[in-house]
Amino acid sequence: MILRWLCVLSLSLGLGCTSWEAEHSVTIEAPPETVWKILIDLPSYASWNSYSPSAVGSIREGGVVTIEAQLGEETRVVDNRVTRFDSERTLCWHSMNWFEHLARGTRCRFLEPVGMNATLFRHHEIMEGPLAWLIEKIYRPRIEAGLAQMNGDLKRAAEGAAQ
């Protein structure tokens with residue numbers, strides 16, 4: 001609600017309120033249950049996830065997960081509220097740091113079975129708010145690279161576990 005109010009205020013001042021999206025998909029030669037198990041095991045992130053090597057918290061709707069993201073040479077720590085948890089199908093959360101009313105990212109991961117033992121893993125991010133344009137200018141290439149990097153890491157981990 002506050003984000004919408006700030007967008008209305010920003011628009012009335014002629015500053016605008018923007019949003020943008022980024023997405024990366026990969027086919028993983030492992031069943032969704034294998035991919036899901038790795039994805040929600042936060043303590044194991046350091047062993048496979050070079051984009052977010054540290055993740056702590058509670059993966060359940062309403063839970064909070066703190067992620068360390070490697071954005072090129074910069075490390076960012078972001079608190080996130082889990083907004084959707086559909087076992088072996090969908091995991092979404094949105095950023096909830098002090099700036100969330102100015103620019104809030106919502107990141108979803110979608111798992112779709114492909115054939116007998118493969119998964120289409122889709123990583124989708126939406127950034128919105130009065131300062132989303134600034135986040136896009138500063139971080140978009142690094143966020144897009146991070147999505148691809150994490151997807152590749154997840155693919156290697158899940159395919160290794162499936163063998």
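Miscellaneous remarks
- Sequence-distant residues sharing a close amide H with Arg84 (under 5 Å, placed H): Cys92
- Within-11-Å neighbourhood charge of Pro113 [Cβ basis; K, R +1; D, E -1]: -2
- Where only C-alpha atoms are counted, convex hull volume of the chain per residue in Å³: 102 Å³
- 5 angstrom amide H check on Leu71, placed H, neighbours 5+ away: Arg76
- Electrostatic tally near Glu61: other residues with Cβ closer than 11 Å to its Cβ, Lys and Arg +1, Asp and Glu -1, net +2.
No value in this document is a laboratory result; all are computed from the given coordinates. All of these numbers come straight from a predicted model, not from anything done at the bench. Here the Cβ is made from the backbone with ideal geometry for all residues, glycine too, and neighbour counts use every protein chain on show.
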